[in-house]
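The values are calculated or read from the model by the stated rules, or taken from the named source; none is laboratory data. Just so you know, these numbers come straight off a predicted model, no measurement behind them. With ideal geometry, Cβ positions are generated from the backbone for all residues, glycine too; neighbour counts draw on all protein chains shown.
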Amino acid sequence: MCSIEEEIQTGDAETPSIRSRRRLVVEGLCHKCKQSPPVVDMKRVMYCKTCFKESVVYRFRGNLMRATKIADGAKALVAFSGGASSRLLLHLLSEFHEPDPSNLRKKRKFSDVLICHVDQSAVLGGEDKEAEVRRIGEKSGFPYLHIPLESIFSNDDGSDGGALVPVGFDLADTVTLKMVHRVTSTLSPVARLRRSIHGLGKMTAKEDLLHHFTMRALLNTARKEGCNVLILGDNATRMAIRILALTSKGGGFGLPIEVAGDTDWFEGLVVARPLRDVLSKEVAVYNQYTDLDTVVMPALTTAMPAKSSIDRMTEEFLVGLQRDFPMTVNTVVRTAAKVTSEHRAKTVMRCPMCGGPIQDGTNDWRSGHTVSQLLSHAPSSDTTSEALSSTSNTHPCSTSCACAPTVNPESTSTSCCTPADQPINIIPYLCYPCQNICRDAQEFGATAAKKGIDDATVILPAYVGEEITMRKGREWMKKEIEEFLIDEED
Amino acid sequence: MRLCTLCQKERAVLKRPKTGQQICRNCFYAVFETEVHNTIQENELFKRGDKVAIAASGGKDSTVLAHVMTTLNERYGYGLDLFLLSVDEGITGYRDDSLETVKRNEQQYKIPLKIVSYEELYGWSMDAIVKEIGMKNNCTFCGVFRRQALDRGAALLQVDHIVTGHNADDIAETVLMNILRGDFSRLQRCTAIRTATNETIPRSKPFKYTYEKEIVMYAYFKKLDYFSTECIYSPNAYRGYARAFLKDLESIRPSAIMDIIHSGEAWESKIEVKVNTPVDGRVIVGSCERCGYMSSNKLCKACVLLEGLNKGLPKLAIGNSTKYKREQDKRDASARARVCDPATPSGRSPS
């Protein structure tokens, strides 16, 4: 296909003219204050050290003050990994939180600030660096919470929540991942965490699940500590990578939540990203000027080739493109910020795995446009319903179960049956990108099972199963009383 | 011997690019055709008795499209009256050869063929245009002219619908491109299967969910003959980045192309475009004062480009044309210059 837009130029030859056209510029002096010699060149603007730092602080504060969803006097939880962006976030927040010396009666935006570090070392290694992260975190003066990632396998009260384990794999059936809830497990929480990540096979899925787990741990902690705001250190470059990667993984429906400067999608909490328009390069330069020490943690794809995962590949691509076209990151972030989807519609369910929105009709869309089952005698719509019938029919459980049609629905409340009763195919209950994760797990598990290995397959935290069971119960209840509900549109 | 995962009867001869499943030849044809059929049915693209023009370039996509449309029309009794519609851009060594393929298709499928040429519509062939403006920006002319040429050809044939061979890779690539370029309004439109206003002939893409690799595979196994040479004038600078990235994504996770389209569909705008009908007090799509084709400015892009060519100012209205605008103002003080404002793009193809 031909491109009809050939206007884009590499810009090298253009640079001086673009510079001079944009604003009044004094050659050899900072473009902003026009007093000191410039030391930084960011997107063709030359700043002196002071002006550069000011511009970063300005954007950070502006983003927080503009975040209308954050109530004044809110209690904030800051996610702190130890990396450059969250280090900067911590620094800027502690400045931001200082009482104004010129006006002591002025109210502060946040009543309290807590730091939360989710310790991923069970999966990623680097246990020796945790002490350093703690040292930096505690130095900031805010209370420091250390949350091991494996805590997501426990219930809210800290008791053992069991786990969701798979039951059998079928090499030919890629749309089914049957899992059952086991209340007790011989595996320690750390071992469970490792198996759930490493039972996925593909690096892309591993990174995604790790991200969901981390987010879950942060949200849990924020709720437990009674915080109203969760502040994340995502910088513009990171956001742009995430936008492209999420798009490539089919997560467009939930994108508006991921790119929002502040969002109240998560129940009882606002998630804010005040560094969303600060480039990673700006973060690095600022940290260097301010002598902010950071801890370099290994990631899943550290020292791996670019093609090892979608996220890693996207990073390579975008950072490369940013070198040639310096406005790429900003363009991507701003475009994505305009995107709208129907994720706020009333009927939209939350994904039990990632908490994101589930788009209606996802399962039919996939089976209709990627026909992966035999259809020689049946039209594909039948194949669809057949594939899902085991899970999405009106009576989710067998007749022996509490929510069987003969039983009064009142006696069942919302949990129609204990998850341990019956294996569930979890895939139809997940959002589109999480379905992709489970398909990887299914494929990996089926291959492993064929080789006779069964201790390498994926396991999931109990909450995934609980939420699916709850939803099945609700769906069944709704079906039961449907004729008595009054439709608003009638 | 490995058996086909779908029918468990025949020997598996291929690994399906979209799913990685190992399947036999017949099952491949079956899933390929069923997916296209599902797409047509689900979106209700045609009505019984519709006259449908297949935009045929002679390349792989349109050759396979012609084949599949004929097959499905017979198998499922769509009751369509099919035509082949080709545009002759006048590129020696490229289009003249590919048009031979289309002419053979006309014989094979017994579908009438209509060829419209740039030469007769605009008085300029692409060869002549390239001679005038050089190798840079020539795709702008070709793209703008082709969109109109197809519509005019379709009007001559009096068809109700045009189908084009855009495949899933093209659409996914366009989604990525529009994000990277920050083209928000196109981002909202580029995944639509059908483009239509109240005054133009609707166009649709039955191969929207079909992988490029599977199209090649289909042509290979069915021994369809097509013309496979890149256009001699096409450099495709920026799109090349998106294309390379998409290929890498596909190699990491084969469903990536579908996943991108799925993402794009979630952002589709539900607003219907109507010609000469104001939305919020502003006419978004009007018609060109000169030729009557839909346009967002007083003159449509094709007329502006053509005017530039005929006046010997071919760079008019391409990219940053302030310099050329000034030159033109000097020569011709008439008020026409204002329509050449490059900041407001005219009604170009949404993809």
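Rundown of residues vs (1) within 14 Å of chain A (Cβ to nearest Cβ); (2) within 21 Å of B:V216 (Cβ to Cβ); (3) outside any strand (DSSP E or B), yes/no style:
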residue	(1), (2), (3)
B:V52	no, no, no
B:T63	no, yes, yes
B:H67	no, yes, yes
B:Y78	no, no, yes
B:L84	no, yes, no
B:G93	no, no, yes
B:E106	no, no, yes
B:I115	no, no, no
B:E120	no, no, yes
request  = Name the residue, out of B:R243, B:R253, that is touching a residue at least 40 places away in the same chain (Cβ under 8 Å), out of contact with any Phe, Trp or Tyr (no Cβ under 7 Å at 6 or more places or on another chain) and either within 18 Å of A:L318 (Cβ to Cβ) or not charged (D, E, K, R) (or both).
outcome  = B:R243
request  = Would you check if there is a residue in the stretch B:9-27 being facing chain A (nearest Cβ under 10 Å), closer than 22 Å to B:N73 by Cβ and touching a residue at least 60 places away in the same chain (Cβ under 8 Å)?
outcome  = no
query = Do you know which residues across the stretch A:158-214 are over 20 Å from A:T469 (Cβ atoms), away from chain B (no Cβ under 14 Å) and charged (D, E, K, R)?
reply = A:R194, A:R195
query = What number of residues within the stretch A:293-310 are in a helix (DSSP H, G or I) and not β-branched (V, I, T)?
reply = 3
query = When the stretch B:237-250 is examined, which residues are found to be more than 7 Å from every other protein chain (Cβ to nearest Cβ) and either of a type outside the set (A, V, I, L, M) or not in a helix (DSSP H, G or I) (or both)?
reply = B:G240, B:R243, B:K247, B:E250
inquiry  = Restricting to the stretch B:114-150, count the residues that are in contact with a strand residue (DSSP E or B) (Cβ under 9 Å, 6 or more places away or on another chain) and either buried (at least 19 other Cβ atoms within 10 Å of the Cβ) or not assigned by TED's automatic domain parsing to the domain that holds B:T71 (or both).
reply    = 7
request  = Evaluate the stretch B:27-43: report whether one residue or more is part of a loop (DSSP other than H, G, I, E, B) and either surrounded by 16 or more Cβ atoms within 10 Å (Cβ to Cβ) or modelled with pLDDT of 95 or more (or both).
outcome  = no
query = If we scan the stretch B:81-100, do we find a residue that is within 23 Å of B:M258 (Cβ to Cβ) and hydroxyl-bearing (S, T, Y)?
reply = no
request  = Test each condition in (1) within 11 Å of chain B (Cβ to nearest Cβ); (2) under 27 Å from A:R87 (Cα atoms) for A:M297 and report the one that comes out false.
outcome  = (1)
inquiry  = Here's a check for you: in the stretch B:253-278, which residue that is more than 7 Å from chain A (Cβ to nearest Cβ), assigned to a helix (DSSP H, G or I) and not acidic (D, E) is surrounded by the fewest Cβ atoms within 10 Å (Cβ to Cβ)?
reply    = B:I261
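Does the stretch B:124-139 hold any residues that are in a loop (DSSP other than H, G, I, E, B) and either in contact (Cβ under 8 Å) with a residue 40 or more places away in the chain or over 15 Å from B:G90 (Cα atoms) (or both), and which are they?
The answer is B:W124, B:G134, B:M135, B:K136, B:N137.
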remark   = Scanning the stretch A:241-274 residue by residue, those hydroxyl-bearing (S, T, Y) and more than 9 Å from chain B (Cβ to nearest Cβ) turn out to be A:T263
key: From A:E342, A:E316, residue being under 21 Å from the mean Cα position of the chain (by Cα) and either part of a strand (DSSP E or B) or closer than 25 Å to B:Y209 by Cβ (or both)   = A:E342
note = Apart from one, (1) modelled with pLDDT under 90; (2) surrounded by fewer than 20 Cβ atoms within 10 Å (Cβ to Cβ) all hold for A:H181; the odd one out is (2)
task = Residue by residue through the stretch B:182-230, note down the ones that are in a helix (DSSP H, G or I), within 12 Å of chain A (Cβ to nearest Cβ) and touching a Ser or Thr at 6+ places or on another chain (Cβ under 7 Å).
result = B:F184, B:L187, B:Q188
task = Take the stretch A:443-490 and flag every residue that is at pLDDT 80 or above, within 30 Å of B:Q22 (Cα to Cα), outside any helix (DSSP H, G or I) and not β-branched (V, I, T).
result = A:K451, A:L460
request  = Give the residues of the stretch A:41-82 that are in contact with a Cys (Cβ under 8 Å, 6 or more places away or on another chain) and of a type outside the set (G, A, S), sorted by residue number.
outcome  = A:M46, A:Y47, A:C48, A:T50, A:C51, A:K75, A:L77, A:V78, A:F80
ask   = Right, A:A222: crowded, with 24+ Cβ neighbours inside 10 Å and within 12 Å of chain B (Cβ to nearest Cβ) or not?
value = no
task = Would you be able to say whether some residue in the stretch A:171-178 is exposed (fewer than 15 other Cβ atoms within 10 Å of the Cβ) and assigned to a loop (DSSP other than H, G, I, E, B)?
result = yes
message = Can you find, within the stretch A:361-373, the residue that is farthest from the other protein chains (Cβ to nearest Cβ) among those that are within 14 Å of A:Q435 (Cβ to Cβ) and out of contact with any Lys or Arg (no Cβ under 9 Å at 6 or more places or on another chain)?
response = A:N363
note = Restricted to the stretch A:275-294 and to residues being surrounded by fewer than 21 Cβ atoms within 10 Å (Cβ to Cβ) and of a type in the set (D, E, K, R), the residue nearest to the other protein chains (Cβ to nearest Cβ) is A:K281
query = What is the residue count in the stretch A:130-166 for residues that are touching a residue at least 40 places away in the same chain (Cβ under 8 Å) and under 30 Å from A:A446 (Cβ atoms)?
reply = 10
query = Taking A:D454, is it more than 17 Å from A:Q422 (Cβ to Cβ), acidic (D, E) and free of Cβ contacts under 8 Å to residues at least 12 places away in the same chain?
reply = yes
